[in-house]
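The values are calculated or read from the model by the stated rules, or taken from the named source; none is laboratory data. All values reported here derive from a predicted model rather than from experimental measurement. Cβ atoms come from the backbone with ideal geometry, glycine included; neighbour counts cover every protein chain shown.
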Amino acid sequence: MEFKDKIVVVTGGASGIGKSIVSEFLKAGARVCIIDKKENPYFTGDLADEDVLRAFADKVIAEHGRIDCLINNAMLSKGGLKDCGYQDFNYVLRVGISAPYLLTKLFMEHFGPGASIVNISSSRDRMSQPNTESYSAAKGGIAALTHAMAVSLAGKVRVNSISPGWIDTDFKLYSGSDALQHPAGRVGHPLDIAHMVLYLCSEKAGFITGENICIDGGMTRQMVYHGDFGWTLKSEN
């Protein structure tokens, strides 16, 4: 098992994509440290709070002395221009960008040989629906932060990001238009992301850093025109 006894930190690891990432690392022999606002076996706390992040990092370092993989997965949305105020907007940015930045700084002197950071962005870093500004801004920011940190940590830590598309965390089987709008023929599930996370953290990906890999079943590559294939656009106004 390539990750046997590796120390892995996963933010937002108590549910959804994060939970699948945790599960796959555990299967591969890793020792996983979760931080999540939801109850979990390791550390429960709000990633938007600097003191919480520092307490979490201190716990990981005190118990393990090093970190091999940092997976910045935690995220939320507070909407956008229609309903997201200044404080809520900045709260989302603290969880989605500031927390990954600070955790990287706090662990910077404790990364082990061959260490890797994987940031979870989103296909929203390149496309949007209405009223998604808080989420989209944070996901675009983490994609840019990825290549900046890859350069700053060159030779010490590889840093990459993943941009999931439509990922159904309930593993529901979709058919019809929901599936067919993806060139891959289906909606994604969390293991599609978890498998890439483990690959990027492995020695097999040793020549990959500073990259943002979109895993969306090809959805962002498919041209969509009003009237084609029965697809129609209806204005909200």
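Values as computed for the structure displayed
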item: Failed condition for Tyr91, given (1) more than 29 Å from Tyr199 (Cβ to Cβ); (2) without any contact (Cβ under 8 Å) to a residue 12 or more places away in the chain; result: (2)
item: Residue identified as within 22 Å of Asp168 (Cβ to Cβ), touching a helix residue (DSSP H, G or I) at 6+ places or on another chain (Cβ under 9 Å) and at pLDDT 95 or above among Ala28, Ala74, Ala57; result: Ala74
item: In the range 80-98, residue nearest to Asp5 (Cα to Cα) [restricted to those that are in contact with a helix residue (DSSP H, G or I) (Cβ under 6 Å, 6 or more places away or on another chain) and of a type in the set (Gly, Ala, Ser)]; result: Gly96
item: Only listed residue being over 23 Å from Ala150 (Cα atoms), of a type in the set (D, E, K, R) and in contact with a strand residue (DSSP E or B) (Cβ under 8 Å, 6 or more places away or on another chain), chosen from Asp36, Asp88; result: Asp36
item: Top-ranked residue of the range 42-86 - restricted to ones that are touching a residue at least 60 places away in the same chain (Cβ under 8 Å), in contact with a Phe, Trp or Tyr (Cβ under 8 Å, 6 or more places away or on another chain) and of a type outside the set (A, V, I, L, M), ranked as farthest from Ala194 (Cα to Cα); result: Asp68
item: Qualifying helices (runs of 4 or more DSSP H) (wholly inside the range 1-116; at least 3 residues being small (Gly, Ala, Ser)); result: 16-27, 50-64
